[in-house]
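Since the structure comes first, as structure tokens, the remarks are kept for the end.
Values in this text are rule-based calculations from the coordinates and carry no lab data. Predicted model only: the values in this text are computed from it and were never measured. Here Cβ is always computed from backbone atoms with ideal geometry, including for glycine, and neighbour counts include all displayed protein chains.
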Amino acid sequence: MTAPRPSAQTVFRVTGLGKVYRTGDVEVHALRGVDFTASRGEFIVILGPSGSGKSTFLNIIGGLDRASAGEAWFEDHELTRLDEAGLTRYRRDHVGFIFQFYNLVPSLTARENVQLVTEISRQPMTPQEALALVDLEDRMDHFPAQLSGGEQQRVAIARAIAKRPDMLLCDEPTGALDSKTGIRVLEALTRVNAEIGATTLVITHNAAIQEIADRVVRFANGAIASEHRNARRKPASAISW
Amino acid sequence: MRALHIKLRRDIIRLWPQALAIAMVMAAGVATLILGAGAHDSLATTRARYYETNRFADVFTTATRVPEAVATEIAAIGGVASVDTRIQKIALADIADMAEPASVTLVSLPGYREPTLNRLVMRSGQAPDPEADDEAIASEGFARAHQLTAGSTIRVLINGRLRAVRITGTALSPEYIYALGPGDLMPDDRRFGVLWMPQRALAAAYDLDGAFNSVAVKLTQGMPPAGVIDRIDTLLADYGGLGAYSRKDQISHAFLDAELQQLKSMSRILPPIFLLVAAFLVNMTLSRLVALEREQIGLLKAMGYGPWAVARHYLEFVLLIAAAGIIIGFVAGAWLGTGITTLYAKFFSFPFLVFSRNPAVYAIAGGVTVVAALAGAIRAVAAVAWLPPAAAMAPPAPPRYRKILRGHIDLTGLVRQSSVISMRHLSHFPLRTASGILGMALAVAVLVGSLWSFGSIDHMIDVTFHRSDRQDATITFTAAKSEAAWYAASRLPGVLRSEPFRVAGVKIRHGHVERRLSLNGRLADAELSRVLDGDLRPVSLPETGIVLSQQLAEILGVNRGDDVEIELLEGDRRVITQPVSAIITGYIGLSAIMELDAMNRMLGEGDRVSGVHLAVDSAAWNQLFAAVKATPTASFITLQHVALKRFRETLAENILIMVTVYVVLAGIIAFGVVYNLARISLSEQAREMASLRVLGFTRGEVSGLLIGELLAIVLIAQPLGWLIGYGFAAAMVEGFTTELYRVPLVVNRDVYAKASLLVLAAAAFSAMVVRRRVDRLDMVQVLKTRE
């Protein structure tokens, strides 16, 4: 199979992506033939109710899960054909993840959590640079237990971007935070999106967040229900919920 | 079934490998206690029953020739219940299927009645005709070793005359449960047997008509033997009495006692250690296992279950595991105990076996296990069950880590962050790390504590057979002879070198401690049967004084230069005082040695020898045997290579089988511990592992983290385990030591290496399991849930 010729801008391309979970005799269709592309540097917000398939989608394109049908291409790598080691390599070199529950290593300081990633990356920034991007230089030597939720999430962002990823995948990054802290986290996200040019996908329940995106995709019943571009992006500081 | 019970069942099913590993550790602890105590109790009970049924005597003695009338005087001594007089002699037997001569003890049977004491248990055939002079009952083991049945004939050198003796039957006797031949270290049914012949025949052969030379006495219930012994000695003094002795000094009884004592101490030292180690490990693993259930406990409470209901649920969980462990332990312990008892019974000639099942032992084993399991669970449940549900459901407050050495050492750039994670885990939970290290160390220690004996026994054999008693054969004469007998022996075919020795029965005394033993006289610079000092260097025997083995010196409480009293049990029965001139290494028996000439001077019977040690040309064995069989003065010949073989076999049948069982159980414990520690660490860190996988760490890197931690614990635990294991071994040595032999405490490097390798193998297997688990780690699942 030859790679679909991507346009200069396209970093990500998915066609007919399907995912079926089998539990016993029951089949759950989490994704049904999703087609999707993303351009370099694009900031995309994915909305949708619980069970709409958006997290499954994010997990597959992030190399955390495997599709049951269809193709997913990152540049000229066909993700859907990569083996376990290939997927690990892909995550290590190209993808940064941010989760609702930070998932920092509690026994490492902020700097060390970032270092954890820079040690295994090809062209990382220094931990200090990454933490500066999220305004946490002065909290570098604190352990997660000594940081607030928002600070922990910003460490998670610094950890995700330190490798200079091509894709930044965020699953409910503000889900566990209050509005004010959440906005600071979103500011950090838009800033790194602009500065390192990583294509950023943010999954959220929170419709208010869609205004900071280049493009908004809505998932329902395992498929993309609608899609629109914002004529003008609002800065994160201009939204509230 | 109630929902909580369904949960219980599912939890057990979900955690079955861990539950099984914990149950096996418990089972090993329980089984050791039951089998150790069971084997000892069964044998002790069997012996007691056998002695009682067959009226085993309490006091024994031999003399030269005692008129039958003296028997009435012995019977009249206060405290004597019954007396049996006999003729008892040692003779050489020439058996068709054996090149070397065998030794037999001839024991007379009273005319037309059964002996009143030491009654035989007929195993086949019948008693000889009391009038026949060539019929005998053979001891069962000896008969079996030579396929002798009723009607078989063997040739016995009776009082210098070779006579054909017809076997009429086989029997067992409580007097020869441990059938040790003269001069032998271990029983050997092939080379030694007992022949019971009619009184008349032996009296005629040994010119003992109307007389006897051996007495067995039964005392009235509760009568201490000391007084009776003195009276008998006085009565027999004029008839060449060799000193009466109680059961304590009766060979079969003494050896059996030593074996029982060893079994007892093995069951009193190792099994409690095993049980406590198992209990500690069960406590540790269960408390960590239950701690992992924190969220579930919160959930149950949120639904309205009270703290007691929750606590009961988890107590039931650990009790189920404990019950499984106890049942497996009971069954395995009873089975192994029966097996080992049967083995011992075969080795000792018992006509029947009484299996003792002491309920107290079962209760102790079960009780300790249950308490350990419950304590472990309570510790963990109590920490959670009384929290408000919301607090219980929330993860425990995140641990506040600190920089190692408070950040004084900057490891940036030197150590990978993944190693920093491991180091911080280990240092942040010092108690958990310490208990993990202790657990692993105990695993190593139980292995060291059971493996050491193999090497120690090898050392004992090396010293005894290769450095000390290096002769190929020993000929013992029927009685002490003039030195001409030595020269005659040195001219026997194949003899390369010969050294005479003298033995004499003595009581050796210091203060009020007294031991009855054979004093041994040897050439000052003997090359064959050497005397070794504490550093195992040959010692030249001094011209004066007595040399004692270390154990004898300890028992008597004497040092070099102290005086000991020596009471001669033959001849003029003088009491002589001698200084202790050296203390030497000797693992077998209590030995007292003098220079030959000095001993002969002390005995005052001129230059006499009791036998010779020989170095023999291995090509000339058959000629030598033929010559010895034809020598009327030789009462028996001991072959060193046969003795060594028997020694090894006997130990293999006794200590080593028991030890092997312990090693296997120790292996199970070691394995269970390592496996559980690895599994629990994995559960505790699953979330972190998944995070790292998401960040792009490979499976190898992630499992490496956990395995690195495990390895650190395993490695730190090794030296500690060796140390504790050495302590266990030292405690065991105390238990092994009897007056018949002393096992040296030699813990060779290979013991440590084997123990460590076994534990490392268990760790490697556990690492593989961890690796497989990490491979199956569901990253998404873990990360989507709150910590």
Next item on the list: Report, to the nearest 10°, how far helix B:657-694 tilts away from the longest principal axis of the Cα atoms in chain B, using its own Cα long axis and a range of 0 to 90°.
Entry: 10
Note to self: Restricting things to Cα coordinates, could you compute the convex hull volume per residue of the stretch B:1-132 in Å³?
What the structure shows: 309
Next item on the list: First check a/c for the protein assembly as shown, with a ≥ b ≥ c the square roots of the eigenvalues of its C-alpha gyration tensor; if it is under 1.5, answer rounded, and if not, answer prolate when a/b is larger than b/c or oblate otherwise.
Entry: prolate
Next item on the list: Please list, or write none, the lysines whose alpha carbon is within less than 29 Å of the alpha carbon of B:K301, excluding same-chain residues fewer than 8 places away.
Entry: B:K7, B:K784
Note to self: Using DSSP to call loops (not H, G, I, E or B), can you name the GluC sites (Glu not before Pro) in the stretch B:463-555 whose Cβ has at most 12 other Cβ atoms within 10 angstrom?
What the structure shows: B:E543
Next item on the list: Using only alpha carbon positions, build the gyration tensor of the stretch B:495-616, then give the equivalent ellipsoid semi-axes as the square roots of 5 times its eigenvalues, largest first, whole angstrom.
Entry: 22, 18, 12
Check: For chain B, what's the relative contact order in percent, using C-alpha pairs closer than 8 Å and at least 6 residues apart?
Finding: 18
Checklist line | Percentage relative contact order, the stretch B:495-616, counting C-alpha pairs under 8 Å, at least six apart | finding: 38
Margin query: Placing +1 on the Cβ of each Lys and Arg and -1 on the Cβ of each Asp and Glu in the protein assembly as shown, which of B:T153, B:T341, B:S518 has its Cα farthest towards the positive end of the resulting dipole?
Written below: B:T341
Next item on the list: Only Cα pairs under 8 Å and at least 6 apart count here; give the relative contact order of the stretch B:103-172 as a rounded whole percent.
Entry: 38
Checklist line | Angle in degrees between helix B:251-291 and the longest Cα principal axis of chain B, rounded to the nearest 10 | finding: 0
Checklist line | Simple Cβ-charge dipole of chain B, Lys/Arg +1 and Asp/Glu -1, about Cα centre, in debye nearest 20 | finding: 4480
Margin query: Run through the stretch B:543-608 and list the trypsin sites (Lys or Arg not before Pro) located in a DSSP loop whose Cβ has at most 15 other Cβ atoms within 10 Å.
Written below: B:R560, B:R573, B:R574
Check: In degrees between 0 and 90, to the nearest 10, how far off the longest principal axis of chain B does helix B:417-428 point, with axes built from Cα atoms?
Finding: 70
Check: Any idea which of B:F697, B:T46, B:H428 is furthest toward the positive side of the dipole for chain B, if Lys and Arg beta-carbons carry +1 and Asp and Glu beta-carbons -1?
Finding: B:F697
Notebook entry, point to check: Mind checking which aspartates and glutamates have their C-alpha under 20 Å from B:K645, skipping anything on the same chain fewer than 8 residues away?
Noted result: B:D97, B:E100, B:D184, B:D188, B:D189, B:E259, B:D458, B:D462, B:D469, B:D472, B:D617, B:E653
Check: Per-residue ellipticity at 222 nm for chain B, helices alone: DSSP H runs ≥ 4 residues times -39500 (n - 2.57), over residue total, nearest 500 deg cm²/dmol?
Finding: -17500 deg cm²/dmol
Check: Taking chain B on its own, what percent of its Cα-Cα pair distances exceed 41 Å?
Finding: 46
Next item on the list: Putting +1 on Lys and Arg Cβ atoms and -1 on Asp and Glu Cβ atoms, find which of B:G672, B:L656, B:N213 reaches farthest to the positive end of the dipole of chain B.
Entry: B:G672
Next item on the list: Could you size up the charge dipole of the stretch B:495-616 around its Cα centre, putting +1 on the beta carbon of Lys and Arg and -1 on that of Asp and Glu, and report it in debye to the nearest 20?
Entry: 260
Margin query: For a test of the definition: using alpha carbon positions, the gyration tensor, and the 1.5 limit on a/c, classify the stretch A:134-194 as rounded, prolate or oblate.
Written below: oblate
Notebook entry, point to check: By a straight-distance test (C-alpha under 23 Å), which lysines pair with B:K481 as possible cross-link partners, with residues fewer than eight away in the same chain excluded?
Noted result: B:K89, B:K507, B:K629
Margin query: Tell me which DSSP H helices of chain A clear both cut-offs, 24 Å or more of axial length from alpha-carbon atoms and a mean Kyte-Doolittle hydropathy of at least 0.0.
Written below: A:179-196
Margin query: Can you classify the stretch A:1-80 as rounded, prolate or oblate using the Cα gyration tensor, where a ≥ b ≥ c are the square roots of its eigenvalues, rounded means a/c under 1.5, and otherwise it's prolate if a/b beats b/c and oblate if not?
Written below: oblate
Notebook entry, point to check: Just in the stretch B:436-506: which trypsin sites (Lys or Arg not before Pro) are loop by DSSP and have at most 13 other Cβ atoms within 10 Å?
Noted result: B:R491
